[in-house]
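Chemist: First, the structure itself, so that you have it in front of you.
The values are calculated or read from the model by the stated rules, or taken from the named source; none is laboratory data. This is a predicted model, so every value here is computed, not measured. When we count neighbours, we look across all protein chains shown, and the Cβ atoms used for this are built from the backbone with ideal geometry, even at glycine. Accessible surface is based on the protein model in full, side chains and every heavy atom, while ligands, DNA and RNA are left aside. Shrake-Rupley method; radii C 1.70, N 1.55, O 1.52, S 1.80 Å.
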4 protein chains.
Amino acid sequence: MTTALMAPPLGPLLDDIVRSHTPQRESGSVPATIPHLAAVPFNRFGIAVATTSGELFSSGDAHVPFSIQSISKVFTLAMALRGDGPGTLWSRVLREPSGTSFNSLVQLEVEHGIPRNPFINAGALVVTDHLMNETPDAATRLLRFLTEEAGSAGPFIDEDAAASELSSSSRNLALAHFLKDFGNLARPAESVVENYVRQCSIMMTCVELAKAGLFLARDGQGTHGPVVSRSEAKRIGSIMLTCGMYDAAGEFAYRVGLPGKSGVGGGILVIVPGECAICVWSPRLDAKGNSLAGTAALADLSDRTGWSVF
Amino acid sequence: MTTALMAPPLGPLLDDIVRSHTPQRESGSVPATIPHLAAVPFNRFGIAVATTSGELFSSGDAHVPFSIQSISKVFTLAMALRGDGPGTLWSRVLREPSGTSFNSLVQLEVEHGIPRNPFINAGALVVTDHLMNETPDAATRLLRFLTEEAGSAGPFIDEDAAASELSSSSRNLALAHFLKDFGNLARPAESVVENYVRQCSIMMTCVELAKAGLFLARDGQGTHGPVVSRSEAKRIGSIMLTCGMYDAAGEFAYRVGLPGKSGVGGGILVIVPGECAICVWSPRLDAKGNSLAGTAALADLSDRTGWSVF
Amino acid sequence: MTTALMAPPLGPLLDDIVRSHTPQRESGSVPATIPHLAAVPFNRFGIAVATTSGELFSSGDAHVPFSIQSISKVFTLAMALRGDGPGTLWSRVLREPSGTSFNSLVQLEVEHGIPRNPFINAGALVVTDHLMNETPDAATRLLRFLTEEAGSAGPFIDEDAAASELSSSSRNLALAHFLKDFGNLARPAESVVENYVRQCSIMMTCVELAKAGLFLARDGQGTHGPVVSRSEAKRIGSIMLTCGMYDAAGEFAYRVGLPGKSGVGGGILVIVPGECAICVWSPRLDAKGNSLAGTAALADLSDRTGWSVF
Amino acid sequence: MTTALMAPPLGPLLDDIVRSHTPQRESGSVPATIPHLAAVPFNRFGIAVATTSGELFSSGDAHVPFSIQSISKVFTLAMALRGDGPGTLWSRVLREPSGTSFNSLVQLEVEHGIPRNPFINAGALVVTDHLMNETPDAATRLLRFLTEEAGSAGPFIDEDAAASELSSSSRNLALAHFLKDFGNLARPAESVVENYVRQCSIMMTCVELAKAGLFLARDGQGTHGPVVSRSEAKRIGSIMLTCGMYDAAGEFAYRVGLPGKSGVGGGILVIVPGECAICVWSPRLDAKGNSLAGTAALADLSDRTGWSVF
């Protein structure tokens, strides 16, 4: 529930957030196994807010493209739900918090191949497989969707980065073969992982991501009509709140109080239902894999605007 | 985010909810190990709504006392936080969803005696131990608080039921000794469990519980002043949303979209931030331990009123 | 410790074992996912004993080739140890019982990619990878070794069966990619699994397997000289006793009291140190994956001969 | 299988073992939570061998009493089996290696309250409960048995030590209440733990323990007649080999090749079937909880005598 506070105007507030939270020294970590993510200067920090009334605010490195990584899972889920006429997706993946680290095989084994939710890697592979059933090149379809919603030709798949990530995707290949073993993957494990990695390698800016995510703050309404139904939009929000920040979902709900989805590229997409979509980016991560400066900035922003669903 | 719909007036709506959801036949289960809970007629169903504007609506068996069981955890947490001057409680218990059943020892062992959140049994035992530090008879203190907030002399500890439950509390005793072994329990295991069981054995009606929980919808403001700060109230809400429904928190957030806490006595307390507190009760439970008719009624109510934080 | 009993002569005793233990009706199960194993008639039963004094006894279907499956792991381990000059194998795999089912990924995750022992699938993949370092076509090398020790041109790789098994090797591929992710696999996951599956698809008879395993009863001495050192032979025996029967190693040690290794093809190889090697075969399996009639026959044989290491 | 080597006479050999293995400096650890075990000088080392032919050899601190701790589990199991006319013990506890550390609650939860084997703490509590059914004061009965077999009035229960251990028995109390919750404990959790701790607090010397364990090397024959049947004696040996050394059973079988049982007091009892019982003692432990010098000495002794079941 949003409580209107006497917040300062949003433009100056974002500038202030940028001043306060842009990293001054190297702290946190970068994914050692993904060279192109590790190479980004530590002091990058950008933020953008797209409101349901059509305004756009941004500050800092809000126009620098970065790798969206797991933020893609929100959009893939939306597209899979849109095309899920027969409603079979939810028999293949649950909607519960995982309670363990985001790529654990343990839970998958205990629960016989049904991933806990669509935002852990195993669940995202199932969603990708589901979407590929309809559109084999799911990554390109996702790119087209993001381009349209962002109203920008900017987003692109960094194919070199994707190829590089694919060559170190042993964990995801293990997950995919494991899902296959449980009968919860229709397509070949290798091609699902390849498509998934290409989705993660989409490059976008904070401004583009905030605009692309706006349909979730607008009851499912995208730029060119409904993306998902009002009730599906609310439900995606509930999954973001309970499962969107890896093993720190509870902590993020506690500190920020808004549905969010992070990626190891350092981005976080946050929804203020009825109000706006927010994207923040700073590349260095905390121990749970979420942007260090980004999380702090969002907590600060939530405190100063009163934005919170609670 | 609450979206105002053209909802029917609340009184007739609750009557309709009672007509639709009162169980017509015996389905679901009751806790076999707790005789006094198993004895309640299956067709009991009550609902009450206390609004922040001071109105009270109720229907069905809203004036029949039932065993609040784990709903007590919300109030014990609030009282422990109120008295937690040095702020040490959060070093003894986390705020993350558990991802496993509510009384699992596995997670406790893997995480070296720090429970995942205050609403699984292990976490509630730590909160009770914390509160007993300040007030040895924590259960009686809890009762006094509930009595005051409910504005009713109705609430009481069913000491016979408590004694009976205590005699079959092996699991909770195992948890308490395990916490002790990890150095995360100050008082004797037996006395913490006894106090905890007495808290769970408090008898209240839907009307009383809705009124007692209202401070959480009112930014922490109780009948006689602040119970917790505004920010603590919001945070308790976030823990309810992510951890309040045992292993069905994600599903409840998806279907109902509101912070809630259930008990094996068949009650569920739900908060609509800024609007109202709702209590529903029906004794028979689904496979996850949440009231079957109660959960369905809340999903229906959420759909028909538009109440949802998303 | 072998206690010499007044046992009947071995030839008639084996005939009697065949009479008592040949299955009269279909009980137990066959691996549903491996068509060629499921097709073997249920009433097959063979037994062979090769003694250190050079005698050979056999009865029943002792000359019918069957798929040796996991029994191959004993021989691959011996060959990997023989070639392990630098002694690095034991830094890549432990020697402890697994305590969980034979293809569990859970333990592998908890122990960071170091399999518990060489006889669970994960461990066997590491041993195969280790051996491939020296001899890329490890399966063919294994076949040559078995042919020499068996003194028979009989053993062969059933390449059709191997191809069929490979097409349903999702679990093993998951394990291999998982090991790769932990840095405990040098070669490509796909080629290690392929080689492993071909080892498992070697076809041999009870007589051939008993002769091939005899070096383990003879302090490591094979037909043409030492296969492994005396101390390595004893140590392979200890691993067979503690880890050779999937999750029933303790039960087998309790009932039979001898080092053994079973395969899902229904074979079991057993060593009586200083005395003989025994191979028994009957295709239908108990709930733990060990030959039902084979295990019963070995318990009977152990009782009647006094053969036991205890 | 014992292979007779040209071993030096046993007396001088034990003296040499004492010279080689008596710790010269403080390494390894002692149980921090058990004060009386932590207080023993680090350079204590004793060894004794009692042969089936009636001879006795010893060297070093072989006449110094120490706390037998978990070695008691071997004897309690023997007594429980002797009195287990209806044969119900094996429905309450399995005989499989645990694959996890000796006091894990995880496995107990996964396997619904049936401990993996009688030598992990949970299993020993069940065995004690079983024995108490017949003889409520199981610890005193155990003491009497040990006194008779050792042919010495030396063994005694260190009641002060027992009281001290009992006051820090949270983990064992957790296990006992957990077993109770699963219906696998007949007597009150507290009294089973108390009795168990008193068994562990029995003080004996290496010489006394070697003599008391001799019945296991003699097909079950004790000083005054059969303790257990020949087949039970062999089976206890198999459980010692597969489960006797906590999570290092595989490693011990690999290095020493004999059934053994260790205790955190630093003692290890080893059986050479048909030949002798060996007891070694040195108080400091390795990371798995087994005597550091004791394990090394047994490996050395096994190498030099050829004693091994493999």
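Chemist: Placing +1 at every Lys and Arg Cβ and -1 at every Asp and Glu Cβ, with all other atoms neutral, what dipole size does region B:10-305 have around its Cα centre, in debye to the nearest 20?
Modeler: With only Lys, Arg, Asp and Glu charged at Cβ, the dipole is about 340 debye.
Chemist: Another one. Hey, if you put +1 on the Cβ of every Lys and Arg and -1 on every Asp and Glu Cβ in chain D, which of D:H63, D:V207, D:T140 ends up farthest toward the positive end of that dipole?
Modeler: Farthest towards the positive pole: D:V207.
Chemist: Let me know the shape class of region C:6-115, please: from the alpha-carbon gyration tensor, a ≥ b ≥ c as square roots of the eigenvalues, rounded when a/c is under 1.5, otherwise prolate if a/b is greater than b/c, or oblate.
Modeler: Oblate, since a/c reaches 1.5 and b/c is not below a/b.
Chemist: Expressed as a whole number of Å, what is the distance separating the alpha-carbon centroids of region D:60-82 and region B:240-290?
Modeler: Measuring centre to centre over Cα atoms gives 53 Å.
Chemist: For chain B, which cysteines have no disulfide-compatible partner, meaning no other cysteine Cβ under 4.7 Å?
Modeler: B:C200, B:C243, B:C276
Chemist: Output the pairs from C:K180/C:K234; D:K211/D:K234; B:K180/B:K234; B:K211/B:K261 with a Cα-Cα distance over 21 Å in this structure; if there are none, say none.
Modeler: From the list (C:K180/C:K234; D:K211/D:K234; B:K180/B:K234; B:K211/B:K261), the Cα-Cα distance tops 21 Å for C:K180/C:K234; B:K180/B:K234.
Chemist: Taking only the alpha carbons of region D:181-310, what extent do you get along each of the three principal axes, in Å, biggest first?
Modeler: 48, 38, 28
Chemist: When all alpha-carbon pairs of region B:102-259 are counted, what percent fall beyond 27 Å?
Modeler: For region B:102-259, the fraction of Cα-Cα distances above 27 Å is 27 percent.
Chemist: Among the aspartates and glutamates, which have Cα under 13 Å from the Cα of B:K73 when same-chain residues fewer than 8 positions away are ignored?
Modeler: Of all the aspartates and glutamates, those that pass the test against B:K73 - Cα under 13 Å, at least 8 places apart if same chain - are B:D129.
Chemist: Rg and Dmax of region A:143-183, using alpha carbons, in Å: what are they?
Modeler: When restricted to the Cα atoms of region A:143-183, Rg and Dmax are 15.1, 41 Å.
Chemist: I need the phi-derived Karplus couplings for region D:248-255: 6.51 cos²θ - 1.76 cosθ + 1.60, θ = phi - 60°, integer Hz, Gly and Pro marked x.
Modeler: Running phi through 6.51 cos²θ - 1.76 cosθ + 1.60 with θ = phi - 60° gives 10, 4, x, 4, 5, 4, 5, 7 Hz.
Chemist: Give the Rg (one decimal place) followed by the Dmax (whole number) of region C:52-131, computed from C-alpha coordinates and expressed in Å.
Modeler: Considering region C:52-131 through its Cα atoms, Rg and Dmax are 15.8, 47 Å.
Chemist: Can you quote the Å³ per residue value for the convex hull of the Cα atoms in the protein assembly as shown, rounded to an integer?
Modeler: Convex hull volume per residue, Cα atoms: 181 Å³.
Chemist: Here's a follow-up. Which one of C:S231, C:V270, C:T242 is farthest out on the positive end of the charge dipole of region C:221-310, using unit charges on Cβ (Lys, Arg +1; Asp, Glu -1) and the Cα centre as origin?
Modeler: C:S231
Chemist: Find the accessible area per residue for the protein assembly as shown; the probe is 1.4 Å, ligands and nucleic acids are left out, and the unit is Å².
Modeler: So the protein assembly as shown comes to 33 Å² accessible per residue, rounded to a whole number.
Chemist: Total Å² of accessible surface buried at the C-D contact, 1.4 Å probe, nearest 100?
Modeler: Chain pair C/D: roughly 3100 Å² of buried accessible area.
Chemist: Around C:A287, with a cut-off of 12 angstrom between Cβ atoms, what is the net charge of the other residues, counting Lys and Arg +1 and Asp and Glu -1?
Modeler: Once all neighbours under 12 Å are counted, the net charge is -1.
Chemist: Ignoring ligands, DNA and RNA, what percent of the 1.4 Å accessible area of the protein assembly as shown is carbon and sulfur?
Modeler: Ligands and nucleic acids excluded, carbon and sulfur reach 54 percent.
Chemist: Given a cut-off of under 8 Å on Cα pairs at least six residues apart, what relative contact order in percent is computed for region B:10-305?
Modeler: That works out to 26 percent.
Chemist: Using only the Cα atoms of chain D, construct the convex hull and provide its projected area averaged over every direction, in square nanometres to one decimal.
Modeler: 14.0
Chemist: Quick check for me: using +1 on Lys/Arg Cβ and -1 on Asp/Glu Cβ, what's the dipole size of the protein assembly as shown about its Cα centre, in debye to the nearest 20?
Modeler: The calculation lands at about 0 debye.
Chemist: Which loop GluC sites (Glu not before Pro) in region C:65-163, with loop taken from DSSP, have no more than 16 other Cβ atoms within 10 angstrom of their Cβ?
Modeler: Answer by residue number: C:E111.
Chemist: Ok, one more. Around D:A163, what is the net charge, scoring Lys/Arg as +1 and Asp/Glu as -1 over all other residues with Cβ under 10 Å from its Cβ?
Modeler: Net charge around D:A163: -4.
Chemist: Another question, then. For chain D, what is the calculated [θ] at 222 nm in deg cm²/dmol (nearest 500), taking -39500 (n - 2.57) for each run of four or more DSSP H residues and dividing by its residue count?
Modeler: -13000 deg cm²/dmol
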